[in-house]
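A.B. asks: Sharing a structure, written as structure tokens. Questions coming.
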Amino acid sequence: MKLYIAIGVVVLNLLYLFFTKNLKYFFFKKRKNIFLRLLYSRVYKIGIPFLFLIDVNTFFYLFDDRFPNSNVKFFLNLFLISWLFYEVLKYIIYTAITIKVSKKENVRRELFSLVINLTKVLIVIVIFVAVLSHLGVNVTAIITSLGIGGVIIGLAAKETIGNFFDSIRLVSEDAFHVGDWIETKDFEGFVTEIGLTATQIRTFDNGLIVIPNSKLANEWVKNWSRRMIGRRIKFWLKIKYTTDTDELRRVVNEIRVMLQKHPFIVTDDKIKSRLRKKMQKNALFSIEDKYGVRKTLLVYVDKFDEYSIDILIYAFSITVDWEEWLRVKQDVMLKVLDIIKNSKLELAYPTNVIFYDERKNLWKN
């Protein structure tokens, strides 16, 4: 009987190696479906501790007479079961993320990351308690007797504990997500990971900064990624002083009309369809403030400068992507220059006028 079991386990291991190798080629070479690749990766990682668990228990079953009441068997089983549980949980979480992404739904990746990290901590605690209990240690008595020792440990780990609770606070308040572009008092960049005690930010010069969560939770954070529609375009057009107010009014109006007709500048008509669904779902608060929608469009003579009349041009591009925004801004500025070119107005720029008195030279001669 034991011989058949041993042969069966060996065959199972060989089949696992054969199928995982061929399935890897099938999913990664022949298929470009991300969900199938994820499914293979997670099942493969679940299979490793599961197979080890079978191998270990088969080994101790075949040689049980040589390992009576072995602590090694208990420790190995405890470790492998914990590993298997962790991999199954990761499979469930990553599958849920992939399904949401495929449906183009918002995904709180940092929430899943927090659950995974908490699971790691809980698994370590469970293993530690189980080992002590198996060795005959009275765990209840240890916990009861912690008393002053617990207070000392708590004071020593005060900052770590504070950072842990601040990480939960950041996730619950939905201040930012992984991948968001945020700006703080001292740093600016993209959030790469929200951990149990610290958050990692990739700066624009490609450096990685690790910031304690307590610092982020207790200081202001500007989230530039929370803009659904509208990235600001603002500049002043400096015009030479003129008394031709009719021409000035005409140019201002022409610029305003150009912006209203521009396909990539925000107006009510262009974004109405995008907001209709959200307005139906959320009628208790301002949709514009909640989702980051800005549609202000202003073109006015703003001020008299030392050497120019300044026209304020203030609008928002539909896109919030930086490169696309630069293209829209460039197009707007070039169109404004074309309007000035075809008008009687001229652009102003700082000039210095030097007066030369020839009489001083005559007096010297």
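A.B. asks: Among what's in the stretch 328-338 and is touching a residue at least 24 places away in the same chain (Cβ under 8 Å) and surrounded by fewer than 18 Cβ atoms within 10 Å (Cβ to Cβ), pick the residue that is farthest from R256 (Cα to Cα).
C.D. replies: D331
A.B. asks: So is V107 at pLDDT below 65 and touching a helix residue (DSSP H, G or I) at 6+ places or on another chain (Cβ under 8 Å) or not?
C.D. replies: Judged against the criteria, V107 is a match.
A.B. asks: Next question. Of a type in the set (A, V, I, L, M, F, W, C) and assigned to a strand (DSSP E or B) - does that describe any residue in the stretch 325-347?
C.D. replies: Checked against the condition, which is being of a type in the set (A, V, I, L, M, F, W, C) and assigned to a strand (DSSP E or B), the stretch 325-347 yields at least one hit.
A.B. asks: May I ask you to verify whether T197 is more than 30 Å from L326 (Cα to Cα), without any contact (Cβ under 8 Å) to a residue 40 or more places away in the chain and not assigned by TED's automatic domain parsing to the domain that holds I265?
C.D. replies: Yes; evaluated as a whole, the condition is true for this residue.
A.B. asks: Given (1) exposed (fewer than 14 other Cβ atoms within 10 Å of the Cβ); (2) modelled with pLDDT of 90 or more; (3) under 35 Å from the mean Cα position of the chain (by Cα), identify the lone condition not met by L284.
C.D. replies: Among (1) exposed (fewer than 14 other Cβ atoms within 10 Å of the Cβ); (2) modelled with pLDDT of 90 or more; (3) under 35 Å from the mean Cα position of the chain (by Cα), L284 violates only (2).
A.B. asks: Only one residue in I182, I209 is touching a Phe, Trp or Tyr at 6+ places or on another chain (Cβ under 7 Å) and farther than 20 Å from R227 by Cα. Which one?
C.D. replies: I209
A.B. asks: Looking at the stretch 181-218 only, could you name the residues that are in contact with a helix residue (DSSP H, G or I) (Cβ under 8 Å, 6 or more places away or on another chain) and of a type in the set (S, T, Y)?
C.D. replies: T184, T197, T199, S214
The values are calculated or read from the model by the stated rules, or taken from the named source; none is laboratory data. Since we're looking at a predicted model, the values are computed, not measured. Note that we place each Cβ from the backbone using ideal geometry, even for glycine, and neighbour counts take in every protein chain shown.
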